[in-house]
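To start, the structure itself, in structure tokens.
Each value in this text was obtained by applying a stated rule to the coordinates, not by laboratory testing. Small disclaimer: the values here were computed from a predicted structure and weren't measured. Methodologically, a virtual Cβ is constructed for each residue, glycine included, from the backbone with ideal geometry; neighbour enumeration extends over all protein chains shown.
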Amino acid sequence: MNKTLLLLTGAVIALSQTACNAQAKNGGFKKLPSSLQYKIVKDVPGRTAQQGDYMEVNLVNSFKGSRKTDTVLFDTRKMNNNTPVPVMVQKPAFGGDISEAFTLLSEGDSIIIKAPLDSMLKVGFPMLPGAEKDKGQTVDYYIKVVKLRTAAEMQKETAEKSAKQNGIDDKLIQEYLTKNNIKAQKTASGIYYKIDKPGAGESLQPGQQITMNYTGKLLNGTPFDSNVDPQFGHVQPFVFGLGVGQVIRGWDEGIALFKKGGKGVLYIPSSLAYGERSPGPQIPANSVLIFDVEVVDAAAASAAPQMPQGHSEHDGHQH
């Protein structure tokens, strides 16, 4: 071995030792270009995630700051009935975005990610107790990758699950209708509907602001939401834009079957409601939803939306 090679070898060894010493000093964490720190706790051989892939993860988010103990901000196991939550692997939206570390992971891996608090504050992260700017504090994420799929694999699996669940839902709705001696019609998408009063005037059109009264319940008869029942705390007209995605798909399609003044009942399969997602404990995953509905008014599509605060598909009220 010549002298030059000996020098190079010695330099490589020295650099490796320095890196190892720094990593050990930092608790075994490595650093990404954005200053995101990470430590892979469990490394399972397999294909690593790529942008566009879908993960199902268990995630715990915590923050300690200047205090002595960590505070858990959220825990997906507790929030999602011990079920992993879906995450799409995307390009990082900002420096310090934890999605930068997702492409290091394969199915079965576990990782701890330390995101710089200063970067998080710049994108709207709240100032929690113990939070101080420019102190090198981190927001910590503990993540386990339960499943990893490509977009094509996810689409195929979703379609297969949806087809299977549609068959289950259709049977449940038919049994309910038979048991209760209800005659209802069925749309091509699988919604059953009963029109007690069709209403009058022109058919409802996408974009119109529709004013509704409604009560929603499960197949077992348990009500989960209503704007006419005081127990739900929002006895006021519900207004939404028809056909623009402000409500579940079963509403966008089902309400269009009525005219102004129309009344009836919608029996919506879970695939056109919330599917596998549970918007709250009152609506379990894969629930068929029943809605007693009344179209109170239908304003022109050009009218300004009058949606009451707190009434959308994405909040505590289910439509």
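Numerical summary
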{"read-out": "Pairwise centroid distance, computed over Cα atoms, of segment 139-188 with segment 232-283, Å", "value": "17 Å"}
{"read-out": "Length released on extending from L104 to R47, taking residue separation times 0.36 nm less the Cα-Cα span", "value": "19.6 nm"}
{"read-out": "Relative exposure of M120, M127, judged by other C-beta atoms within 10 Å (fewest first)", "value": "M127, M120"}
{"read-out": "Placed amide H near Q208: partners under 5 Å, 5+ positions off or other chain", "value": "L242"}
{"read-out": "In Hz, Karplus ³J(HN,Hα) per residue of segment 281-290 (6.51, -1.76, 1.60; θ = phi - 60°; x = Gly, Pro)", "value": "x, 6, 10, x, 4, 6, 8, 6, 10, 10"}
{"read-out": "Reciprocal of mean inverse Cα separation for segment 27-152 (Kirkwood radius, Å)", "value": "15.1 Å"}
{"read-out": "[x] 52, 23, 17; [y] 29, 24, 19; [z] 35, 23, 16, with the label sought being that of the calculated semi-axes √(5λ) of the Cα gyration tensor in Å", "value": "[x]"}
{"read-out": "Cα centroid of segment 54-85 to Cα centroid of segment 97-135, whole Å", "value": "12 Å"}
{"read-out": "Relative contact order, percent, segment 27-152 [alpha-carbon distance under 8 Å, six or more residues apart]", "value": "37 percent"}
{"read-out": "Inter-label distance for K194 and K161, nm, one decimal - labels placed 7 Å from Cα along Cα-to-Cβ", "value": "3.2 nm"}
{"read-out": "Within the chain, longest stretch clear of exposed GluC sites (Glu not before Pro) (DSSP loop, no more than 15 other Cβ within 10 Å)", "value": "133-275"}
{"read-out": "Greater than 31 Å apart at Cα, pairs in K183/K259; K114/K164; K64/K91; K161/K197; K144/K217", "value": "K114/K164; K161/K197; K144/K217"}
{"read-out": "Gained length - M88 relative to Q282, 0.36 nm times residue gap less alpha-carbon distance", "value": "67.2 nm"}
{"read-out": "Exposure proxy ranking, count of Cβ atoms within 10 Å, fewest first, for D70, D225", "value": "D70, D225"}
